[in-house]
Amino acid sequence: MNPLRRSAGSRLAPFVLSGLLALAASTLPASIHAQELSGLVAEQGTLAPAVDAVVTLFLIEGDNGSFTPAGTAVTDEEGAFHFEVPAPGRYRIQADLGGLSSPLSPAYAIEVGAHLDDVVLLVPSRLLMLAATCDSDAHPGAVVVGVVRDAGSEVPVPDARVRARWIEGVGFQDLVTGTDEAGHYLLCGVPTGEELRLRGEFLGRDGEWSELEIARTSLVIHDLPFTLASRTLTGGDVIANVTIGSYAVTLGDLRGQLLDQLSGAPIAQAVVRLRGTGFQTVTDAEGRFAFPDLQAGEYTIEIQHLGYSVQTSALEVPEGRDVAVTLHLSPRAVELAGLEVTARTVLEQTIRTSPFQQYVLAGEVLREAEVRGSTAPEVLRANVPGLRVRETYTDMGQTFLCIETNRRTHQLEKTESTPYELRNAPPCAMVALILDGNRVYEGVAPEIIRTLDAANIESLEFVTPLQAGTRYGMGGNVANGVLVIYTRGRGPFVSTERNR
């Protein structure tokens, strides 16, 4: 059994993906003249439908394999998307959800009247990335992660509390955490072998207890339903509790329209994001966009469209009020030849001044790896000499990623709390993993690295055993070397090559 498992009460399961594919295929328009491409976007690991993901269609041109965007679409509540392909040719597609991108798909040869409806794109799961931030040394035990949702509307509940309770000795022991703006919560160091109860708490209201049993150290994804409004039947009328009303009045809608600066014409198919959040959408034929039910606060709108300069605009959404804006975009300026100024990047300066051998992969290397659809292990295998990246097999026939050097000193300690699959894995002096500045528990690090694609990596650095102790101390498997990975847009080696 895979240590990444969902609880029995979860609403998301792998069989959802095959069912959604059948639904998407059954609703395709029956046209014999146009070319069409449809499919689904799901989160990697959980296979939950990726709602409101922006899917870009790329046309492959010429013999060198270069490609240009040919259209965008937004997934619906089932994670489905649909394109009417403008002309026969070779195409690739990619999905983006909250700044996390799927690998580029293989090239699809779309012929006249073709109907391709079985495309599946996987974007990284924010829940799995959130779980990877737990420090197993400071908080030994299981990891529980999930989403708190309103039971009626399925809307995530931000700024709620999640309480975990279990019996310890003669009394109860509580562990409390909070949800982020997307309703995600994380519990590190949850005891195993005990009957665990979880509930959500919000605006002075307590949700129903949910029981969960964790037999061994593992990662568990468990969503918590929370009823914002209690409902009763009186004379045939449904009366909602005033709680949901008092919460709703604090929210506001942000609506707007994009117009060309010169002609005043509406700009369709522009990607509009609220920077620093997971909110994004695409303008309609009239250039209009909308972000409903936003918390009060300051937001920065980021707009991207072919032929126009990237534009950002700051604004404030007052508590309980709607905001309407009209934004004008300037056509992209023609670049003129000028003076050439050469300056060292942060990466070049770091390598130049470091007394150690530096293995930092960023910029052009990762951009090329992204085009090839490479994974993190493939990038390491091709670019870091002396690093052994191999797939081994457990007694149960499952694959196990092992990354090690010739200097192998610390091997994964196998105890009763070690997941069964890892206890049966061949010996491996796995390097330590630091993801976005956080040390990752060595039991789940191989799976995190295996599923991480070059499209989602900003920089990748291998710190040799010689300097790893100096930079990170000597605890655990640091003596084997350290793999430092920053996801897109983060870390000290952010490159303009990766943000085009």
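The simple Förster model, with R0 at 30 Å and r as the Cβ-Cβ distance, assigns residue 154 and residue 306 a FRET efficiency of 0.30. Based on protein heavy atoms only, the range 79-189 ends up with 43 Å² per residue of surface accessible to a 1.4 Å probe.
A Förster radius of 51 Å, combined with the Cβ-Cβ distance separating residue 399 from residue 275, puts the computed FRET efficiency at roughly 0.85.
In this view, the solvent-accessible surface of residue 459, computed with a 1.4 Å probe and all protein chains in place, comes to about 0 Å². Extending 7 Å from the Cα toward the beta-carbon at both residue 68 and residue 368 defines two label points whose distance is 2.5 nm. Just the protein heavy atoms count here, and of the accessible area of the range 169-225 at 1.4 Å, carbon and sulfur take up 45 percent. Ranking 279, 310, 326 by Cα position along the charge dipole of the range 279-326, where only Lys, Arg, Asp and Glu carry charges on their C-beta atoms, puts 310 farthest toward the positive end.
Between residue 181 and residue 112, what FRET efficiency follows from the Cβ-Cβ distance if R0 is 41 Å, with the result rounded to 0.05? Working shown, then result.
On the way: r = 46 Å, r/R0 = 1.12.
Calculated value: 0.35.
The values are calculated or read from the model by the stated rules, or taken from the named source; none is laboratory data. None of these values were measured; they are calculated from a predicted model. FYI the Cβ positions are ideal-geometry reconstructions off the backbone, even for glycines, and counts take in every protein chain you see. For the accessible areas, the whole protein counts, side chains as well, though only heavy atoms, and no ligand, DNA or RNA atoms are used. Shrake-Rupley method; radii C 1.70, N 1.55, O 1.52, S 1.80 Å.
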